[in-house]
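A.B. asks: Before we start, here is the structure in question, set down as structure tokens.
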Amino acid sequence: MAGVKRIVLLGAPGSGKGTQAALLADALGIPAISTGEMLRAAVTAGSELGARVKNIMNAGDLVDDATMADVIRDRLSQGDAVDGFVLDGYPRTMAQAETLASILDAAQQSLDLVIQVEVPEQVLVGRALDRRREDDTEEVMKNRLAVYEEKTTPLVDHYRELELLHRVDGDQSIQEVAAAVLETVGVMV
Ligand code: ADP
């Protein structure tokens, strides 16, 4: 699958998709774009956007689609995204998937591949408890998982219908998952 460059990683909170997005982007020499990281940076910087999203993120809820459309449109218009990108954390809703498709469409581009990092729910819960920050209550973690189930899992079917979806077993070591991801995009390790 030579030439694959515009990639979305899908996965629940705690699936390890952020780690895999960074490894894959390095291997391909394209940027990993994490909307979660961008929003956290905005919160840390104390920007207007950060102030707006802080409480929403702390509750484990989703930032509204219109705000996220501005964030992703700005980011994808930057020069380093011209040759491709690995998206981590976007899209998270069907409306976001449509926004992404229309942004790419306007640039005569399209997605090449969507990789779902699959991890059983009981493993996700265990990982969440391990990495829990002090301000992260169990209730917030459960909410993140529930929001993922409700809003983001429909994207799996959507991308399957578009024949873009590939799944990798995320219940393995970081290196094993990375190897499976690279195999999926046809890059030798
Ligand atoms: P996780 O890996 O736990 O899912 P992320 O780092 O991807 O976390 O995102 C952290 C938080 O940032 C989310 O819980 C949500 O509040 C917000 N966020 C990130 N990306 C999006 C998005 N595409 N749409 C709405 N909210 C988002």
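A.B. asks: How many residues does the range 59-86 hold that are under 22 Å from Ala12 (Cα atoms), touching a helix residue (DSSP H, G or I) at 6+ places or on another chain (Cβ under 7 Å) and open to solvent by 50 Å² or more (accessible area, probe 1.4 Å)?
C.D. replies: 3
A.B. asks: Also, quick follow-up: Do we have Ala42 as buried (at least 19 other Cβ atoms within 10 Å of the Cβ), farther than 26 Å from Leu162 by Cβ and at pLDDT 95 or above here?
C.D. replies: Working: buried (at least 19 other Cβ atoms within 10 Å of the Cβ): yes; farther than 26 Å from Leu162 by Cβ: yes; at pLDDT 95 or above: yes.
It is true that Ala42 is buried (at least 19 other Cβ atoms within 10 Å of the Cβ), farther than 26 Å from Leu162 by Cβ and at pLDDT 95 or above.
A.B. asks: Then there is this: Does Met94 fit the bill of being more than 21 Å from Gly16 (Cβ to Cβ) and of a type in the set (A, V, I, L, M)? Spell out how you get there, then give the answer.
C.D. replies: Working: more than 21 Å from Gly16 (Cβ to Cβ): yes; of a type in the set (A, V, I, L, M): yes.
In short, yes.
A.B. asks: Next question, about the same structure. Which count do you get for residues in the range 1-37 that are over 20 Å from Asp136 (Cβ atoms) and part of a loop (DSSP other than H, G, I, E, B)? Don't jump to the end; show me each part of the working.
C.D. replies: Filtering the range 1-37 down to residues over 20 Å from Asp136 (Cβ atoms) leaves 1-10, 20-33.
Add one more test, that the residue is part of a loop (DSSP other than H, G, I, E, B), and what stays is 1-5, 29-31.
Qualifying residue count for the region: 8.
A.B. asks: Still on this structure, please answer the following. Given the residues Arg92, Arg52, Arg40, which is the only one that is farther than 22 Å from Gly29 by Cα, within 13 Å of the ligand (Cβ to nearest atom), touching a helix residue (DSSP H, G or I) at 6+ places or on another chain (Cβ under 8 Å) and outside any helix (DSSP H, G or I)?
C.D. replies: Working: Arg52 fails: outside any helix (DSSP H, G or I); Arg40 fails: outside any helix (DSSP H, G or I).
Arg92 is the lone residue from the list that is farther than 22 Å from Gly29 by Cα, within 13 Å of the ligand (Cβ to nearest atom), touching a helix residue (DSSP H, G or I) at 6+ places or on another chain (Cβ under 8 Å) and outside any helix (DSSP H, G or I).
A.B. asks: Further, regarding this structure: Can you name every residue in the range 45-54 that is surrounded by 15 or more Cβ atoms within 10 Å (Cβ to Cβ) and not small (Gly, Ala, Ser)? Give the derivation first.
C.D. replies: Restricting attention to the range 45-54, the residues satisfying the condition of being surrounded by 15 or more Cβ atoms within 10 Å (Cβ to Cβ) are 49-50, 52-54.
Scanning the range 45-54 gives Leu49, Arg52, Val53, Lys54.
A.B. asks: Considering the range 148-189 alone, what residues qualify as being in a loop (DSSP other than H, G, I, E, B) and either open to solvent by 100 Å² or more (accessible area, probe 1.4 Å) or in contact with a strand residue (DSSP E or B) (Cβ under 6 Å, 6 or more places away or on another chain) (or both)?
C.D. replies: Within the range 148-189, the first condition is being in a loop (DSSP other than H, G, I, E, B), and the residues that meet it are 162-164, 170-173, 186-189.
Answer for the range 148-189, where residues must be in a loop (DSSP other than H, G, I, E, B) and either open to solvent by 100 Å² or more (accessible area, probe 1.4 Å) or in contact with a strand residue (DSSP E or B) (Cβ under 6 Å, 6 or more places away or on another chain) (or both): Glu163, Leu164, Gly170, Met188, Val189.
A.B. asks: Within the range 1-15, how many residues are more than 22 Å from Asp157 (Cβ to Cβ) and either free of Cβ contacts under 8 Å to residues at least 12 places away in the same chain or crowded, with 17+ Cβ neighbours inside 10 Å (or both)?
C.D. replies: Residues that pass the stated criteria total 1.
A.B. asks: Could we say that Leu145 is touching a strand residue (DSSP E or B) at 6+ places or on another chain (Cβ under 6 Å) and either over 10 Å from Gln116 (Cα atoms) or open to solvent by 70 Å² or more (accessible area, probe 1.4 Å) (or both) here? Lay out the reasoning, then the answer.
C.D. replies: Details: touching a strand residue (DSSP E or B) at 6+ places or on another chain (Cβ under 6 Å): no; either over 10 Å from Gln116 (Cα atoms) or open to solvent by 70 Å² or more (accessible area, probe 1.4 Å) (or both): yes.
It is false that Leu145 is touching a strand residue (DSSP E or B) at 6+ places or on another chain (Cβ under 6 Å) and either over 10 Å from Gln116 (Cα atoms) or open to solvent by 70 Å² or more (accessible area, probe 1.4 Å) (or both).
A.B. asks: If Ile103 satisfies every condition in (1) in contact (Cβ under 8 Å) with a residue 40 or more places away in the chain; (2) open to solvent by less than 50 Å² (accessible area, probe 1.4 Å); (3) not hydroxyl-bearing (Ser, Thr, Tyr) but one, which is the exception?
C.D. replies: The one condition Ile103 does not meet is (1).
The values are calculated or read from the model by the stated rules, or taken from the named source; none is laboratory data. Here the structure is a predicted model, which is why all the values come from computation and not from measurement. Using ideal geometry, Cβ is built from the backbone for each residue, glycine included, and neighbour counts are taken over all protein chains shown. Remember, those area values only see protein heavy atoms, side chains included, never the ligands or the DNA or RNA. Shrake-Rupley method; radii C 1.70, N 1.55, O 1.52, S 1.80 Å.
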